[in-house]
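Here, each number is a calculation from the coordinates, and none is a lab measurement. Since the structure is predicted, the reported quantities are computational estimates derived from the model, not experimental observations. Every residue, glycine as well, gets a Cβ built from its backbone with ideal geometry; the counts of neighbours run over all protein chains shown.
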Amino acid sequence: MTTVRRIAEFAGVSKSTVSLVLNNKPGVSDEMRQTVMQAVTELETIQADDLLPEKSAYLNTTEHKSQALSIMVLHPPILRSSYVFSEVLQGIQAGVEAFNLQLRLVVNDPDASSQHVSHLYLTDDYLRPDGVLVFGAQQHEPLLEQVIERDIPCVVLGREAKKYHVSGIDRDEEYHAYQLTQHLINLGHRSIAFIGGETCYDYTTNRLKGYQRALEDATIAPDERWVYLGDGTVATEHILDANLNVTAMIYVNDSYAIEGLAVLRERGIKLPTEISVASFDDTEFSRDHQPPLTSVSYNLFKEGQWAVKILLDQIRHPFIAKSHLVFNAELLIRESTAPPPTL
């Protein structure tokens, strides 16, 4: 039987909220009530025990392994946004607990020595995990290539999965960047800067493509100087000092927005009366900033949960070559964007 605790973990809400919903008590919004009931339905439909494989069919050395399946999470050595990783990791943890798995967190450092634990986990049969989750979005991933070469079931998050020929939680980054840019265009902006990020990350490249396509579709001829990648502080200063008369700025994510908005604050530039600002990820910074930032919001907790489920499906059913799940994102329009000032 599904417990209140398990429903709460799966839905990402408190146990008291679940109790109110299940007992049909007041004090819970319709949206929250729907979230809880959807979690109940999913847990009843997808039982954890049904998803767990017959371990002996997938372990090369079962006499040396514990009965619980082991999942290794490869994460970047440097996190531009600890909030994003924290939210995804909470989802992974909820999935791991629901399915009674072992969880290992390992730094994904391609420059590490051959004796680094990440290499040992992938080469030593005794330590080899039953599945691997790869978090992050760098375009070149030597450790991911090792996972694929060793035929270890794998799911990637926060990147394009299709080009690696593995399972993944995908996002339509280009489309959502297009939507965000189109929102600014519809407000009347015709000079929009794209700020921050590194091209070694998939999300930077894809968000930039969406921005550029929106300008093209609106027949706006962009100034190549509107795009400045790299550090958010340096990029924002460069855009302002170049006197490009931009009326709106899109930051590649909230980490870069934090840096850039500090520059706007120092220069006394007010949002949105003097310049509109939008970003991606919808972290606490976006929500708590004054004014709150227009942002593209991803369901990070659910991404982590479903990554675990997809990985377990792949471990249990070797006939599944790969699975791709594309999550919706929501454009949250807030007070940081408005029509441009009259020149």
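Could you work out how far helix 173-186 tilts from the main Cα principal axis of the chain, as a 0 to 90 degree angle to the nearest 10?
30 degrees
For R104, list long-range residues whose amide hydrogen, built 1.01 Å from N in the peptide plane, is under 5 Å from its own amide hydrogen.
When sequence neighbours closer than 5 places are left aside, the close amide H contacts are I71, M72, V73.
I want to check the label-to-label distance for S16 and K270. Put each point 7 Å from Cα in the C-beta direction and report it in nm to one decimal.
If labels sit at S16 and K270, their model points lie 4.0 nm apart.
By per-residue mean of other Cβ atoms within 10 Å, what is the highest-first order of 21-30, 301-310? Show your work: numbers first, answer last.
Details: 21-30: 11.1, 301-310: 23.0.
In decreasing order of mean packing, 21-30, 301-310 become 301-310, 21-30.
With a ≥ b ≥ c the root eigenvalues of the C-alpha gyration tensor of the range 173-298, is it rounded (a/c under 1.5), prolate (a/b larger than b/c) or oblate?
Verdict is rounded for the range 173-298.
Could you work out how far helix 202-217 tilts from the main Cα principal axis of the chain, as a 0 to 90 degree angle to the nearest 10?
Compared with the principal axis, the helix lies near 40 degrees.
Kindly work out what percent of the DSSP beta bridges joining two residues of the chain are antiparallel, to the nearest 5.
15 percent
Can you tell me how much longer the chain between A68 and K163 gets when fully stretched, taken as 0.36 nm per residue apart minus their C-alpha distance, in nm with one decimal?
Length difference between fully extended and current span is 31.1 nm.
At a 10 angstrom cut-off on C-beta neighbours, averaged per residue, how do the peptides 330-340, 221-231, 90-100 rank from highest to lowest?
90-100, 330-340, 221-231
Grab the beta carbon distance between R287 and F319, set R0 = 45 Å, and tell me the FRET efficiency rounded to 0.05.
0.55
Taking a threshold of 31 Å on the Cα-Cα distance, which of the pairs K15/K322; K15/K309; K209/K302 fall above it?
Those over the limit are K15/K322.
For a paramagnetic label modelled at 7 Å from the Cα of N245 toward its Cβ, which residues of the range 310-343 fall within the zone defined by backbone nitrogen distances under 13 Å?
341-343
If you fit an axis through the alpha-carbon atoms of helix 232-241 and take the longest principal axis of the Cα set of the chain, what angle between them do you get, 0 to 90°, nearest 10?
Taking the Cα atoms of the chain, the angle to 232-241 is about 20 degrees.
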